[in-house]
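Input: a single structure, listed below in structure tokens.
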Amino acid sequence: FFVRIFLQFSFSIKKQQQDVLGFLEANKIEFEEKDIAANEENRKWMRENVPEDSRPASGNPLPPRLFNDKPLCPHGALRGDFGSLRSAAH
């Protein structure tokens, strides 16, 4: 399967992004990085496609966000944050 990961290169969220990338690489999961800081179209797509149950109470969802249209597990497609990825992988 293939995962699109939306990133923003910011020091405040760098550790989370490193954890996500490390997890994907360690598990040999093919992925494509999408920078939302440098590309407004990527930012808009990410914000529009974050599931309702993964949205913050206020403001916009922040990266890292993962999207995959193919099921990673019996529960369906992955769309969410690093916690969603860990849950789907177990």
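Some notes on this structure:
- Near residue 58: Cβ cut-off under 15 Å, other residues only, Lys/Arg at +1 and Asp/Glu at -1. The net charge is +1.
- Reachable aspartates and glutamates from residue 14, criterion Cα separation under 13 angstrom, eight or more residues apart if same chain: 35
- Two-site FRET efficiency, residue 60 against residue 28, from Cβ-Cβ distance with R₀ of 25 Å, rounded to 0.05: 0.20
Rule-based calculations on the coordinates, nothing more; no lab input. Since this is a predicted model, take the numbers as computed values, not measurements. Neighbour counts run over all protein chains shown; Cβ positions are idealised from the backbone, glycine included.
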